[in-house]
Amino acid sequence: MEQSNNDRWYAFIFLLAYLLVEYVLFSRLQGLFGYSPYLFNVFWVSLVLMTFNNFFLFKKEKLFLGAVLILASGGLGVLVQLVAASKGMMIPYVLNSLGSILFLFLIGPVIEEFVFRVALWKVFEVFIKNKWMLIFITTAFYAYSNFRLFHYFPSNLREFFYFQYQYMFISGLLFGYVRTSNGFVPAIFAHFMFNLGFWLNR
């Protein structure tokens, strides 16, 4: 019982720190230098993992389902680009730049999955036992993580940010389900495949 109470306190402190930095101090943190929010994420995830260190990297059960969902993630990435093109949306990213490629294929799939499908997941898991609710709430944070940049871009690009919130929510639900059924590493692969499909169809 005492351990459970300690876990709740730790989870509360971690959640408070995340919300404070990501939603109150984010612009100040980003003002230090471009990648400083990612350094905070690495530090924060490391502390969470040292506190709640039991999560599974890979499950051997449901391998076929995992493979199908990972491939479906790539198809979803292609579909997102097709929909954006059909609606004439301007995508505010230079997808051929080295920085974008590093983000799409390394920083995004790895750091974002560690933040949302491991660390934030472990924090909320202390309070929420239902896996579907865990998938939903961590996905909501994941989808909002880019949408908060909405006000920094001119009005002609804002339609894309509404669209991005929608497709990140759908893909986040998929990544969360892969995480629960197949483990953390397959969730990284699903995220990677989504970004690959998005990038290939640019």
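The values are calculated or read from the model by the stated rules, or taken from the named source; none is laboratory data. Computed from a prediction, not measured in an experiment: that's the story for all the values here. As a convention, Cβ positions derive from the backbone with ideal geometry for all residues, glycine included, and neighbour counts pool all protein chains shown.
Worth a mention:
- One residue from 165, 142 being of a type in the set (Ser, Thr, Tyr) and either closer than 28 Å to residue 4 by Cα or in contact with a Ser or Thr (Cβ under 6 Å, 6 or more places away or on another chain) (or both): 142
- Tabulated pairs, the stretch 83-99, first at pLDDT below 90, second small (Gly, Ala, Ser) and surrounded by 12 or more Cβ atoms within 10 Å (Cβ to Cβ), C-beta under 8 angstrom, 6+ apart or interchain: 91/84; 93/100; 94/100
- Check on residue 196, in contact with a Phe, Trp or Tyr (Cβ under 8 Å, 6 or more places away or on another chain), aliphatic (A, V, I, L, M) and over 28 Å from residue 9 (Cβ atoms): yes
- Among the helices (runs of 4 or more DSSP H) confined to the stretch 1-115, the ones with at least 3 residues that are surrounded by 17 or more Cβ atoms within 10 Å (Cβ to Cβ) and touching a Gly at 6+ places or on another chain (Cβ under 7 Å) are located at 63-86.
- The number of residues in the stretch 126-153 that are assigned to a helix (DSSP H, G or I) and free of Cβ contacts under 8 Å to residues at least 24 places away in the same chain comes to 10.
- Where a residue in the stretch 14-41 is within 19 Å of residue 142 (Cβ to Cβ) and free of Cβ contacts under 8 Å to residues at least 12 places away in the same chain and its partner, wherever it lies, is of a type outside the set (A, V, I, L, M) and in a helix (DSSP H, G or I), with Cβ under 6 Å and at least six apart: 29/36; 29/37; 30/37
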